[in-house]
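What follows is a short report on a single structure.
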Amino acid sequence: MEKELSLGKALLILALSLVLIVSAGLFVGYKFFWNQYEQVTVDDIQLKAAMEVVKKDPKDPRGHLALGYQYLRRGEKDKALREYQEAQKLAKPDDLAVLFNLGLAYKEIGKKDEAISYLEKVVKKNKWHFLAQYNLALLYADKKEYEKSLKAFEIALRLESGAADVLVSRARVYKDMGEIAKARADVEKALKFVPDYQEALQLKQELAKQQ
């Protein structure tokens, strides 16, 4: 069974593997030589580094993925989507990284049907893609397609049984379905893994008011 890395790890590895050396050079430059009185953040350096990678080799889809990720982190969703679309033009049609990132970008800008379409392509090729299954579960729930949502949650939790955020998200689906006992069970399990998880504690209070 192939397990996927968490979102932070998977995308960060992609970005950093491409921009680490460039970032280091830019950091030294900013710190010791250029614009000594200008405040430059790590995010700014990483964005600049990703831009340099794309400029150096504009036909490499990984560079556009890295740049798209940096834009998405900054909340510049339209720019992120454009970079992911460019990566799609350059990559193979079944490139999972491109398909997943496009799905995530469409989800972030609120285009749920497009997001679902891309993420379903991911899980069709790799059923055990944790992040694709989790994001599909959330999208299906938003569209009130609860049975599809629960199936996706089930697979995600088979991969990461201790994922408290996944458990709380599924609990909210159960709550919307009126399955209060199942919702409570998921919340309690989440709190065993993360006792001070505020979202879980809040949902526990909400559920306590229901019969």
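At-a-glance table
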{"item": "Any hit, the range 115-134, residues being under 24 Å from residue 195 (Cα atoms) and either without any contact (Cβ under 8 Å) to a residue 40 or more places away in the chain or surrounded by fewer than 21 Cβ atoms within 10 Å (Cβ to Cβ) (or both)", "result": "yes"}
{"item": "Odd one out for residue 137 among (1) free of Cβ contacts under 8 Å to residues at least 60 places away in the same chain; (2) surrounded by fewer than 21 Cβ atoms within 10 Å (Cβ to Cβ); (3) of a type in the set (A, V, I, L, M)", "result": "(2)"}
{"item": "Residues within the range 180-211 that are open to solvent by 20 Å² or more (accessible area, probe 1.4 Å) and either within 27 Å of residue 127 (Cα to Cα) or β-branched (Val, Ile, Thr) (or both), tallied", "result": "5"}
{"item": "Matching option when the condition is modelled with pLDDT under 90, in a helix (DSSP H, G or I), among the charged types (D, E, K, R) and open to solvent by 20 Å² or more (accessible area, probe 1.4 Å), among 89, 79, 55, 48", "result": "48"}
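The values are calculated or read from the model by the stated rules, or taken from the named source; none is laboratory data. All of these numbers come straight from a predicted model, not from anything done at the bench. Using ideal geometry, Cβ is built from the backbone for each residue, glycine included, and neighbour counts are taken over all protein chains shown. These area figures cover heavy atoms from the full protein model, side chains too; ligands, DNA and RNA do not enter into them. Shrake-Rupley method; radii C 1.70, N 1.55, O 1.52, S 1.80 Å.
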